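The structure appears right after this line, and notes come after that.
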Amino acid sequence: MDGNQLKKRISVAAKREPADTVIKNGKIIDVYNGEIIEGDLAIVDGYFAGIGEYEGHQVIDANGRYISPAFIEGHVHIESSMVTPTEFAKVLLPHGVTTAICDPHEIANVLGADGIQYMLDSSENLPFDFYFMLPSSVPATEFENSGATLNAQDLKPFYQQPRVLGLAEVMNFPAVLNAEDDMVEKILTAKCAGKKVDGHAAGLSAKDLNVYMSAGIRTDHESTTAEEAKERLRRGMYLMIREGTVAKDLLQLIPVVNERNARRCLFVTDDKHLDDLIHDGSIDHNVRLAIASGLPAITAIQMATINAAECFGLEDKGAIAPGYKADFILFDDLKTINITEVYKDGAAIVEDKKLVIEFQEPAVTETERLRSSVRYENLTENHFQIPLKTANANIIEIIPNSLITRHIIEKVETNKSGNFQVSIKDDQLKLAVIERHHLRKQIGLGIVKGLGLKSGAIATTIAHDSHNLIMAGTTDDNMVIAANAIKDMQGGLVVVNHGEVIAALELSIAGLMSDRPYQEVYSSLHEINLALNKLGANNNFNPFLTLSFLALPVIPELKLTDQGLFHVSKFKHIAIESI
C-alpha cells in the first residue's frame, strides 16, 4: 500500500468520498465480541474501510444474509489433494476458504528446495492467499530414504519470501529433546527471522510438551483425545482441531472447547483427498460439524477465521473490521453455513456457489526431476518374498479413519519354500515400500491387516513422508504389474486385478500431483473407487489414503519404511518374525 491508497482509505472511512463497494442489509458476524451486528460495509481497494452508513459506486444487497470473514485453513498439505495450487484454490473457494497455511513437506521430501520453490511459484498471483511454513524434517527420520535432505542453511533463504510464515510441523521430537545442532539451528533461524514454529506432538506426554514449548514450538494438530487437547492448551499451545480424510479428530476434541479457551483453538484439515474436498468441503465442513456437535456457531466461525489469523500473525485477515482485507462470505443461516457467495479482496469470486472468474496458471520453471522422480530397478516376484522361520509375525493392523496403527502378533501361513503366504480369510496381505528416488535398491516388506483386499494389488507413490512407492497385494504377480505401471506413469495411483491395470491416476508432478484440471482428477478417483470395490477393499475408510500413511514412521505404532518394519515408540526397526 502506498500513501495515496492510505489517504483514499482514510477518506472513504471518514465519508469524504464514496466507497468502491458498499454491502447493505447484512447480518455482520463480529468475531471479537461474538455478536451479530448490523450496518453498511464500506470497501475500498480490497479492504474494509468502515461499518456504519456509507455510500458507494457499487451497492450490493445482502438481503438479510449473514456476512462472515472468509475461512482460513490453518494447516494443509496441498499435495494430498493431488492437484496443483491453482486447482486446489478452485476447489476451496466455493467452500468459503480464501487463505491457506500450507506445508510443502511432501514435495520437499521428493525434490528438496526445488519442491518448495515450485509450490511458491505455482501459487503466485492467484485470487487465493497461499502462505507457507517451511518443512522442518526432510527426511522425517533417519530410518528411511527420502528424495532430499534439507538443513537449516537450505531453508534460510526462503524466509525472505513474504508468503513464508515460519517453520512447519517439527515432527522429529527426539532431535528437539536432545537439542541436536541442526534442529536447534532450524528453530533459531525461524525465530530470528521473526517467524512461527509449528509442532507435531503425536503421542507426546505433558512432560514432552514442556520440551516443545521451551523450544518455541507453539501449535499442534496431532491431538486425538480430549485429554491430549487439554494438555496442549494448558501448556499454552494453539490447539489445531483436525478433520481430514483419514484423521478425523474433531468429534473427540470439540467437547474441550469452551468460552474460556476457544480463542486458542483453530481448524485444520492437514490431509484431505480431492473427492472429500468436493463433497464435504474444507474448513467449512469443520465449522458445520462443530456446530452440529453443540459448539456455538459464532465460536466455530471465530476458530475458522480470527483465531487462525492471529495464530499466524496475519494482521489484516480474519475479521469484518476497518483496515482488514475484504475477504468474506455470505450464507443464509448459522446452522448449515450454506455459503452462496464468496468475496476476495472486495470482489465477488463465487456467486450462487459457482466460481465466476477465470484462473490463469502461474508461470513455473520446471526442474528436470519434477516429472522424472520415480526410479527403481525392474521388479520380479522374487523381490516380494518374505522368509519366515516362526509361525508368528509382527503385523501392522489398520485402525479405520486413523493415522495410528496397532502392533499385533498373529499366526501366519507359509508356503513350501518357507515364505509368508497371504491369507484372504485372515485379511493378512503383503505390504511393500520401495525406494524410488536414488536407485538404492532398498525394499521394505511387511504384513498388513485391515485393508480387506480379496484379490489384486494397489500401489501409489504417495507414501508419507518420504514418498517412496508403497503397495499392498494378494499376489506377487499383481504387485509386479502395479510397480511397473507406476514406473511407466512416473508416479500415481494404480489398481491391479487378475493381472491387469483396471484403474489408474497419473501424478506426474513429483509423483504426487496431477497437471490436469481437478474435474479430470476427480473423475479418475471415481474410477479408482469403483475398481477398489472389485478388489473387495474395506469401504469404511479411504484405502489409498490409509495406505499412504502406513509408511509414516513418526505416528504410532507400527509402520513400514523402505528399510523395513518400524516400531515407532521404540524408534527402531524390528523383524517381521515374532519370537
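The values are calculated or read from the model by the stated rules, or taken from the named source; none is laboratory data. If you're wondering where the values come from, they're calculated on a predicted model, not measured in any experiment. Positions of Cβ are generated from backbone atoms using ideal geometry, with glycine treated the same way; all protein chains shown enter the neighbour counts.
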Within the stretch 261-283, the residues that are in contact with a strand residue (DSSP E or B) (Cβ under 7 Å, 6 or more places away or on another chain), in a helix (DSSP H, G or I) and surrounded by 23 or more Cβ atoms within 10 Å (Cβ to Cβ) are ILE283
Only one of TYR66, TYR54 is of a type in the set (Phe, Trp, Tyr) and touching a residue at least 60 places away in the same chain (Cβ under 8 Å), namely TYR66
Going residue by residue through the stretch 307-314, is there one that turns out to be part of a loop (DSSP other than H, G, I, E, B), surrounded by 13 or more Cβ atoms within 10 Å (Cβ to Cβ) and more than 27 Å from the chain's Cα centre (by Cα)? no
Note on the stretch 375-414: residues at pLDDT below 95 and closer than 22 Å to HIS567 by Cβ are LYS389, THR390, ALA391, ILE399, PRO400, SER402, LEU403, ILE404
Among ALA472, ALA457, the single one that is buried (at least 22 other Cβ atoms within 10 Å of the Cβ), of a type in the set (Gly, Ala, Ser), over 24 Å from ILE555 (Cα atoms) and assigned by TED's automatic domain parsing to the domain that holds LEU535 is ALA457
Given the conditions (1) within 16 Å of the chain's Cα centre (by Cα); (2) in contact (Cβ under 8 Å) with a residue 40 or more places away in the chain, every one holds for ASP249 apart from (2)
Checked the stretch 244-260 for anything of a type outside the set (A, V, I, L, M) and either closer than 21 Å to HIS464 by Cβ or assigned to a loop (DSSP other than H, G, I, E, B) (or both); matches are GLY244, THR245, LYS248, ASP249, ASN258, GLU259, ARG260
Picking from ILE404, ILE434, ILE395, ILE424, the residue that is within 19 Å of LEU535 (Cβ to Cβ), in the same structural domain as LEU525 (by TED's automatic domain parsing), in contact with a Gly (Cβ under 9 Å, 6 or more places away or on another chain) and not acidic (Asp, Glu) would be ILE424
Among the residues of the stretch 50-63, is there at least one that is of a type in the set (Phe, Trp, Tyr), under 28 Å from GLU310 (Cβ atoms), within 38 Å of the chain's Cα centre (by Cα) and modelled with pLDDT of 95 or more? no
Expected output for the stretch 9-27 (first residue farther than 12 Å from GLY346 by Cβ, partner part of a helix (DSSP H, G or I), Cβ below 8 Å, 6+ apart or cross-chain) is GLU17/LYS8; GLU17/SER11; PRO18/VAL12
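Can you pull out the residues in the stretch 124-147 that are of a type in the set (Ser, Thr, Tyr) and in contact with a strand residue (DSSP E or B) (Cβ under 6 Å, 6 or more places away or on another chain)?
TYR131, SER136
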LEU334 meets each of (1) touching a helix residue (DSSP H, G or I) at 6+ places or on another chain (Cβ under 6 Å); (2) at pLDDT 95 or above; (3) surrounded by fewer than 17 Cβ atoms within 10 Å (Cβ to Cβ); (4) not acidic (Asp, Glu) with one exception, condition (3)
Open item on the list: Could you go through the stretch 361-374 and let me know if any residue there is at pLDDT 95 or above, under 16 Å from LEU93 (Cβ atoms), buried (at least 21 other Cβ atoms within 10 Å of the Cβ) and within 25 Å of the chain's Cα centre (by Cα).
Closed with: no
Filtering the stretch 490-500 for residues that are surrounded by 19 or more Cβ atoms within 10 Å (Cβ to Cβ) and of a type outside the set (S, T, N, Q) leaves a count of 6
- request: Evaluate the following for GLY536: is it among the small types (Gly, Ala, Ser) and more than 18 Å from VAL448 (Cα to Cα)?
  value: no
The helices (runs of 4 or more DSSP H) lying wholly within the stretch 1-111 that contain at least 3 residues that are surrounded by fewer than 20 Cβ atoms within 10 Å (Cβ to Cβ) are 3-13
The number of residues in the stretch 530-547 that are over 21 Å from the mean Cα position of the chain (by Cα) and surrounded by 14 or more Cβ atoms within 10 Å (Cβ to Cβ) is 7
